[in-house]
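The values are calculated or read from the model by the stated rules, or taken from the named source; none is laboratory data. Everything quoted here is computed from the prediction, not taken from an experiment. For neighbour counting, all protein chains shown are included, and Cβ atoms are generated from backbone atoms with ideal geometry for every residue, glycine included.
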Amino acid sequence: MEGSHWPYPNEMDREEQVYADVLILGGGMAGCYAAVAAARKGKKVALVEKGAVIRSGAAGSGFDHWESACTNPCSEVTAEEIAKAYIDEQDGYSNGIAHYIECQEGWHRLLDIESFGGKIRDTEGEFEGADFRDEKTGLMFAYDYQNKFTIRVWGSTFKPALYKELKRLGVEIYERTEATTLLVKKEQGKRRGIGAMGMNARTGKFLIFTAKTTVLAMSRPARIWLFDADQVGLCEFRPTQSIGSGHAMGYRAGVEFTMMEKSVQGEFSAAGRSFPPYSTGNNHNTWYAATMVDARGVEIPYVDRDGKELKTVRERYYPAKGQKFFLKGGVIDNPKYEYRGPETLDFEELMKRGYQLPFYADLSRMPESERRVIWGMMVGEEGKTKIPVLENFTERGFDPEIHRLQSYGTGWQSASFLPQERQLFGAPGGIFHDWNLKTNIDGIYAAGDQLYASDCCGFAAATGYYAGRKAAKASEGFSFEEPDREDIETEKKRLYAPLYVEEGMDWRELNKAISKAMQNYCGGVKNDMLLHQGLELLESYEKDMVPLLSCKNPHELMRTHEVLDILEVCKLILNACLLRKSSSAPLCFERSDHPEIDPEEDRCFITIRQEEGKILSRRVEKDYYGDVKIQYEQYNRDYEEEAAGYEEG
Amino acid sequence: MKKVEFEAKAVSCSVKPLVFDEEKCVGCNACANVCQVDIMIPSEEKGKPPVVLYPGECYYCGSCVMACPVKGAVRLRHPLMNQTKFVEIGE
């Protein structure tokens, strides 16, 4: 490979200081909505984003449905009902605060995006007369057509609309800039966030953000257990650069986390076992409730929660007799009887009855509007499907009226992973917070995937906006605080070090070694010995290998910093695992030295944070946030007027 | 900090996620500017397609194709192993 000229200016000797009332770290859905909320309150807002805001984040290129929009005009459920169902479904290891916010305010955020130019309803009458379409509003629903709280949306229109709105509101956007470290000041023994530092990933310029309040909205960790050095961008579900730098920064600064011991057996890794999400025949999420057939073309039956075979396609979208509503979506895997919706017959039962692999999705057998909404709208709007699936497969000749699309493996995941091939998926751990979405450190707030037990776009948007408005309000009580020069110099030294190493180690080699270590020492079955040895190994990497890391430009430097963050997050995970001395079914946590499952005394959140190099932990009751409806109302009197505006339309 | 000279060297990858049609591409770099993973750099030659420096980091989201002003100037394709099979529905 020929070396060529780096096209951007070299600014590694430059420093820029920015002042903002509210600093938002991360420009995905959560960060953008946080910026909108704070700017609407008249605050000076700075937003830092590693990519380009117009398409960045997991929702950047699109998404096809918005969950838990319980306050939309067609909804037959209340925010309280759905939030409480989620909490119960996850045995209390759920984020009651954030889910209630999502259920209560998600619809408001959809109306916001519509006012910015995003498409949330079938304005052209493309699906007129379809079962899932409300004729009066043009809203289209997914999953439960009876209760209408999940809305099909044209998510590919959302980020460009948000970006335009941020510019209109005068938000200062720092793109191609990685936030690397939080600035924290100790005042009378108490810590307070006073901003952050970062680096431009094209020019190497060093940035200091001085802020009254800060919102962390930097997604969740990835590439912990799964890494492919050749096809890095395919090895996880979320974007290449969404790897949990916000978690690492938070942990280094003393932010408190919970549920970090939870990880699930892999679900998506298209560089390895699985296919790209929603690109194969299946009947989940984007593809719910596609007709599935076996190798002979025999239709696979859908059954309700009582095992009753459903005769029509329509019945797949309605609750069972005597059931108020059912839950489906991002974090719902195999729900409890109370919330279980229609599903194809269990795989083992299918084998017993003689159904033959491979299975296929056969949309030709569905009503025309259902076929068109899956292959066309949903596969098309769902993030990574518009071009590489819908457009490319159509060019290859795929026509859902005359072809069946193959399904792989035995279910929607298109592959079976090994127990040690794990991911932070299905409502994983994250930042612990109060009803203001404030962390344990004053002035630092969190939103979206950085919160514990997070799930989808509606969650990100609703919590983003909420954190933005709370951070805006809190900023009124603080003044700017200049960071210590020493902190700045230490950070610069840390960030630029790999540029001075000649012929050193590539970041990929370290990432691969970390993920192998995590598979070996923090796999499907854990115990104290393994976890301690894992920590020792990672600490040796930190001491001996990190100084060898070498790169040639700011882009590679950013990737190298990401691996340092991955290393930090791995230590957080290993330590969190050590703190739980029993196994847990809802946390997908198995220990060979503590095999008892969910003993009474451990049915709680175990938190973890660092202070002066020591690990501190506490136990918090699962319902620490109180009654979600009552508490929400108490904390959000200042939002009542704004909320009424949305509800009046 | 003491400045270090930056170098741009393409990293090899077993697949080519992006293919440009040099006849159609106007070299506007809209694709490079929208890519959240920043896998491309503008070509040194004006009017030419950008250089895919980091193909392995591609996240296959398709934003580059959506941003391209000329249909067909840039194409995104999943690796061969990820091309789902489909079959014609029999009688």
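For segment A:447-473, filtered to residues that are assigned to a loop (DSSP other than H, G, I, E, B) and either over 19 Å from the mean Cα position of the chain (by Cα) or not polar (S, T, N, Q) (or both), the residue that is surrounded by the most Cβ atoms within 10 Å (Cβ to Cβ) is A:Ala447.
Yes/no per residue for (1) in contact with a Lys or Arg (Cβ under 7 Å, 6 or more places away or on another chain); (2) at negative phi; (3) of a type outside the set (Val, Ile, Thr):
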{"residue": "A:Val379", "(1), (2), (3)": "no, yes, no"}
{"residue": "A:Gly383", "(1), (2), (3)": "no, no, yes"}
{"residue": "A:Leu390", "(1), (2), (3)": "no, yes, yes"}
{"residue": "A:Leu405", "(1), (2), (3)": "no, yes, yes"}
{"residue": "A:Gln423", "(1), (2), (3)": "no, yes, yes"}
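In the set (1) within 14 Å of chain B (Cβ to nearest Cβ); (2) within 16 Å of the chain's Cα centre (by Cα), the condition left unmet by A:Glu102 is number (1).
Once segment B:73-91 is narrowed to residues that are within 7 Å of chain A (Cβ to nearest Cβ) and part of a strand (DSSP E or B), the residue that is surrounded by the fewest Cβ atoms within 10 Å (Cβ to Cβ) is B:Glu88. If you go through segment A:250-301 and keep only what is under 22 Å from A:Phe326 (Cβ atoms), acidic (Asp, Glu) and outside any strand (DSSP E or B), you end up with just A:Glu267. Cβ-Cβ distances below 7 Å connect the following pairs, each with a first residue in segment B:1-30 that is facing chain A (nearest Cβ under 7 Å), a second residue that is surrounded by fewer than 16 Cβ atoms within 10 Å (Cβ to Cβ) and in a loop (DSSP other than H, G, I, E, B), and a separation of six or more residues or different chains: B:Met1/A:Asp13; B:Lys3/A:Asp13; B:Lys9/A:Met1; B:Ala10/A:Met1; B:Ser12/A:Met1. In this entry, A:Gly198 passes the filter for residues that are within 23 Å of the chain's Cα centre (by Cα), in contact (Cβ under 8 Å) with a residue 40 or more places away in the chain and within 18 Å of A:Val18 (Cβ to Cβ).
Run down A:Ala201, A:Ala248, A:Ala217, A:Ala229 and say which single residue is modelled with pLDDT of 95 or more, surrounded by fewer than 23 Cβ atoms within 10 Å (Cβ to Cβ) and in contact with a helix residue (DSSP H, G or I) (Cβ under 7 Å, 6 or more places away or on another chain). The unique qualifying residue is A:Ala229. Identify, please: which residue in segment A:141-183 is within 14 Å of chain B (Cβ to nearest Cβ) and acidic (Asp, Glu) and is, among those, nearest to A:Gly198 (Cα to Cα)? The qualifying residue nearest to A:Gly198 (Cα to Cα) is A:Glu178. For beta carbons closer than 6 Å, sequence separation of 6+ or different chains, a first residue in segment A:226-249 that is assigned to a loop (DSSP other than H, G, I, E, B) and a second that is among the basic types (Lys, Arg) and surrounded by fewer than 23 Cβ atoms within 10 Å (Cβ to Cβ), the qualifying pairs are A:Phe227/A:Lys512; A:Ala229/A:Arg508; A:Ala229/A:Lys512. The set of residues in segment B:39-50 being touching an Asp or Glu at 6+ places or on another chain (Cβ under 9 Å) and buried (at least 19 other Cβ atoms within 10 Å of the Cβ) consists of B:Ile39, B:Pro49. Just one of the numbered conditions (1) closer than 23 Å to A:His108 by Cβ; (2) buried (at least 23 other Cβ atoms within 10 Å of the Cβ); (3) not aromatic (Phe, Trp, Tyr) is not true of A:Ile444: (1). Just one of the listed residues (B:Val70, B:Val65) is within 7 Å of chain A (Cβ to nearest Cβ) and either outside any loop (DSSP other than H, G, I, E, B) or loosely packed, with under 15 Cβ neighbours inside 10 Å (or both), namely B:Val65.
Screening segment A:262-277 for residues that are under 17 Å from the mean Cα position of the chain (by Cα) and more than 17 Å from A:Val232 (Cβ to Cβ) and picking the one that is nearest to the other protein chains (Cβ to nearest Cβ) gives A:Glu267. B:Val26 - would you say it is surrounded by fewer than 20 Cβ atoms within 10 Å (Cβ to Cβ), out of contact with any Gly (no Cβ under 9 Å at 6 or more places or on another chain) and among the aliphatic types (A, V, I, L, M)? The answer is no for B:Val26. A count restricted to segment B:52-62 and to residues that are within 19 Å of A:Pro7 (Cβ to Cβ), of a type outside the set (D, E, K, R) and part of a helix (DSSP H, G or I) stands at 1.
Taking segment A:307-410 and the helices (runs of 4 or more DSSP H) fully enclosed by it, the elements with 1 or more residues that are among the hydrophobic types (A, V, I, L, M, F, W, C) and within 12 Å of another protein chain (Cβ to nearest Cβ) are at A:378-381, A:392-395. A single member of A:Ile243, A:Ile194 is of a type in the set (A, V, I, L, M, F, W, C) and closer than 18 Å to A:Asp487 by Cα, and it is A:Ile194.
Pairs meeting the criteria (first residue in segment A:343-369 and closer than 23 Å to A:Ala415 by Cβ, second residue in a helix (DSSP H, G or I) and β-branched (Val, Ile, Thr), beta carbons under 8 Å, at least 6 apart or on different chains) are A:Leu363/A:Ile374. Applying the criterion of being of a type outside the set (Lys, Arg) and more than 8 Å from chain A (Cβ to nearest Cβ) to the residues of segment B:41-62, the residue that is nearest to A:Phe237 (Cα to Cα) is B:Pro55.
Please determine whether any residue of segment A:1-16 is away from chain B (no Cβ under 14 Å) and either of a type in the set (Val, Ile, Thr) or without any contact (Cβ under 8 Å) to a residue 40 or more places away in the chain (or both). The answer is no; no qualifying residue exists.
Against the definition (surrounded by fewer than 18 Cβ atoms within 10 Å (Cβ to Cβ) and either in contact with a strand residue (DSSP E or B) (Cβ under 8 Å, 6 or more places away or on another chain) or within 11 Å of another protein chain (Cβ to nearest Cβ) (or both)), how does B:Gln36 come out, yes or no? For B:Gln36, the condition - surrounded by fewer than 18 Cβ atoms within 10 Å (Cβ to Cβ) and either in contact with a strand residue (DSSP E or B) (Cβ under 8 Å, 6 or more places away or on another chain) or within 11 Å of another protein chain (Cβ to nearest Cβ) (or both) - is not met. Evaluating A:Tyr143 against the criteria (1) more than 24 Å from A:Ile82 (Cβ to Cβ); (2) in a loop (DSSP other than H, G, I, E, B); (3) of a type in the set (Phe, Trp, Tyr) leaves one unmet condition, (1). Residues in segment A:346-402 that are in contact with a Pro (Cβ under 7 Å, 6 or more places away or on another chain), among the charged types (D, E, K, R) and surrounded by fewer than 23 Cβ atoms within 10 Å (Cβ to Cβ): A:Arg371 alone.
The rows are residues; the columns are (1) over 14 Å from A:Ile113 (Cα atoms); (2) within 14 Å of another protein chain (Cβ to nearest Cβ); (3) without any contact (Cβ under 8 Å) to a residue 12 or more places away in the chain; (4) among the basic types (Lys, Arg).
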position	(1), (2), (3), (4)
A:Met29	no, yes, no, no
A:Cys32	no, yes, no, no
A:Val36	no, no, no, no
A:Ala39	yes, no, no, no
A:Lys43	yes, no, no, yes
A:Glu49	yes, yes, no, no
A:Val53	yes, yes, no, no
A:Ser61	yes, yes, no, no
A:Trp66	no, no, no, no
